[in-house]
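The values are calculated or read from the model by the stated rules, or taken from the named source; none is laboratory data. Just so we're clear, the structure is a prediction, and the values are computed from it rather than from any experiment. Backbone-built Cβ (ideal geometry, glycine too); neighbour counts: all protein chains shown.
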Amino acid sequence: MDLSFIFFFNSIVLGIGLAMDAFSVSLANGMNEPCMKKKKMLFIAVVFGVFQGLMPLIGWFCVHTIATLFTSFTKLIPWIALVLLSFLGIKMLVEAFKDCEEEECCKKQGLMVILVQGVATSIDALSVGFTNAGYGIFNAIGSSLIIMVITFVICYLGVLLGKKFGTKFSKKAAILGGIILILIGIEIFLTGILG
């Protein structure tokens, strides 16, 4: 097991890079639901952290077992992210234009929406398993845990910032949140297709 400075540095930088999409979605969630309770904020950060940490580990496992099947699947990743995030973004935009009571407007993201967001923002992290293919199992797990913790912290801060911003701008923040989700889907799609 290699616990060198380079290992930690690479895992931390990778974690920060991978967490950016999840951070943006967390920001959008906070803006969309300004009266969100702390428990739900933590839940969102945990979901995003777990998915972001597990995906590279799943990718690593695929490289060491079913690499040929996984290679053909990687072509679908940008499409899946685009469809899922666009769907969620459009749903958020539609809900932003509905007239509703303040209490009703505050309960927008349910469990399924958050889980879909977690998958959509982390699915591109599957390919990180290829870059970690040279790691042994313990280093692969260690790297995934570092990515998980970093994503958790970054996403919690994202929800917190979005919530503060959303409290001030309510409906406009929900519209911006929906647009952000769609743009992230397009960005993942274009990066996957062109990169």
- [ ] Those residues that are surrounded by 24 or more Cβ atoms within 10 Å (Cβ to Cβ) and more than 14 Å from the chain's Cα centre (by Cα), I need them from the range 142-156; list them, please.
- [x] Ser143, Ser144
Open item on the list: Report every pair of residues separated by at least 6 positions or lying on different chains whose Cβ atoms are under 8 Å apart, first residue within the range 134-155 and within 9 Å of Trp60 (Cβ to Cβ) and touching a residue at least 12 places away in the same chain (Cβ under 8 Å), second among the hydroxyl-bearing types (Ser, Thr, Tyr) and part of a helix (DSSP H, G or I).
Closed with: Tyr135/Ser143; Ser143/Ser11
Open item on the list: It is to be established whether one or more residues within the range 23-35 are among the charged types (D, E, K, R) and modelled with pLDDT of 75 or more.
Closed with: yes
TODO: Return the residue satisfying two criteria in turn: it lies in the range 157-170 and is crowded, with 16+ Cβ neighbours inside 10 Å and under 12 Å from Met36 (Cα atoms), and of such residues it is modelled with the lowest pLDDT.
DONE: Gly166
TODO: Could you tell me whether the range 94-110 includes any residue that is modelled with pLDDT under 90, closer than 18 Å to Phe9 by Cα and not aromatic (Phe, Trp, Tyr)?
DONE: no
TODO: Filter the range 1-31 down to residues that are farther than 19 Å from Met41 by Cα, of a type in the set (Phe, Trp, Tyr) and surrounded by 15 or more Cβ atoms within 10 Å (Cβ to Cβ), then give me how many there are.
DONE: 1
